[in-house]
Ligand code: ADP
Ligand code: MG
């Protein structure tokens, strides 16, 4: 068997194991280039592939390859440039960085620090696909969603990825309002000096780029002449198969006063929205952010949950909360970060408590009525049995029946730690097994919840 057929049989096996997109992105463009001394060398399209295959897929790769060849091979991955360096002596052509070209990319925003979850998965995958095949996959790529959900991050990630893998490509990132103000300035200048060359050079600057990333396009409304110029730029780039990436806080149809012909063009490629992050993604982002700052051991689980429960719709805010809690702990003479400290540090930060109180409040009301105590007692720290037991029952109902998050329950019951809630739930679980009357009583309360 030759290398290609070995690799094809191997890829068939991998295909069976993976979701279609993962296979397409990570494996479809790989190629086996040699098998020597127990080492399999594989050509991959980019550095990101190298890293990802090594870190996440290596066990699967080795296992499936062994199934095909009957031998255990070690794997090494290469990108084209590295192979060329090995074989070709003349390296003149390799990766010449585009000279004097300011791309405005922010190196901090990358794919490897963009955390993926259900709400942004489609956006992230499409962005990566575009980064891997600029101009060929989805053109234009239009990313929309509310503020703080990661649009700008993703756009820079695409740009950085392209520049790192195709160093000859000219990538330009520009916020739309900067495009507008630059254009207006140039226009004025050219009129004042009666010099049309100035406008020409502005136009040329845009025409010669390979990838245009334009952020917050909704800011184009109201600027008629700039809209016209953008329209021309768009057409020219598009016709030359140059990649265009656009973001907005709403979908093209919802950008009022944007010229119809622009809306139409935006719909030629792919439009994707980023949704607000789900709880699990918020937790994963918190973990990533504190890991990046070497703070993993400083943030206990209940503090992370508290932040994730309260920052619902904006990842920028989530980052702010982490910084604030850490700063607060530092100011308090470097005390440990605890749940109480976090609540204190963030008390003005979470303006309104977005946690939906209704159902839990109903439970508190029903339980307190049933046991003839006040709701405040139920939320207090009082430990006498006539209060502590109903409190545990109420927590139990919130957890088991309403399926509320432990941290949220803790907050609802006067800022208690989630371990207190776990303890309460476990205790009542045990009690009802041996006390049928109690079980019935709880059931009656549950039946009253609307
Ligand atoms: P937008 O442009 O949609 O308003 P940004 O891209 O500026 O949002 O994101 C706000 C902040 O949140 C940035 O610091 C960004 O790094 C961070 N962020 C957003 N989404 C993610 C994510 N999925 N993983 C990690 N950080 C994220
Ligand atoms: Mg932005």
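Observations on the structure shown:
- Only a single criterion out of (1) modelled with pLDDT under 90; (2) in a helix (DSSP H, G or I) is not satisfied by residue 222, namely (2).
- Checklist (1) within 16 Å of ligand 2 (Cβ to nearest atom); (2) farther than 23 Å from residue 125 by Cα; (3) in contact with a strand residue (DSSP E or B) (Cβ under 8 Å, 6 or more places away or on another chain) applied to residue 246, failing item: (2)
- Residues satisfying the stated conditions in region 13-37, i.e. loosely packed, with under 12 Cβ neighbours inside 10 Å and over 25 Å from residue 130 (Cα atoms): 36, 37
- Scan of region 187-217 for residues that are farther than 24 Å from residue 242 by Cα and touching a strand residue (DSSP E or B) at 6+ places or on another chain (Cβ under 6 Å), ordered by number: none
- When residues in region 40-60 are screened for being more than 21 Å from the chain's Cα centre (by Cα) and free of Cβ contacts under 8 Å to residues at least 24 places away in the same chain, 3 of them pass.
Rundown of residues vs (1) in contact with a strand residue (DSSP E or B) (Cβ under 7 Å, 6 or more places away or on another chain); (2) farther than 20 Å from residue 281 by Cα; (3) at pLDDT 85 or above; (4) not assigned by TED's automatic domain parsing to the domain that holds residue 405, yes/no style:
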| site | (1), (2), (3), (4) |
| --- | --- |
| 312 | no, no, no, yes |
| 315 | no, no, yes, yes |
| 319 | no, no, yes, yes |
| 322 | no, no, yes, yes |
| 326 | no, yes, yes, yes |
| 331 | no, yes, yes, yes |
| 335 | no, yes, no, yes |
| 339 | no, yes, yes, yes |
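- In the set 263, 289, only one residue is modelled with pLDDT of 90 or more, part of a helix (DSSP H, G or I) and under 18 Å from residue 315 (Cα atoms); that residue is 289.
- Residue check, residue 174 within 16 Å of ligand 1 (Cβ to nearest atom) and at pLDDT 95 or above: yes
- When region 96-154 is filtered for residues that are assigned to a helix (DSSP H, G or I), under 25 Å from residue 240 (Cβ atoms) and within 16 Å of ligand 2 (Cβ to nearest atom), the ones remaining, listed by number, are 127, 154.
The values are calculated or read from the model by the stated rules, or taken from the named source; none is laboratory data. Remember, it's a predicted structure, so these values are computed and weren't measured experimentally. All Cβ positions, glycine included, derive from the backbone under ideal geometry; neighbour counts span all protein chains shown.
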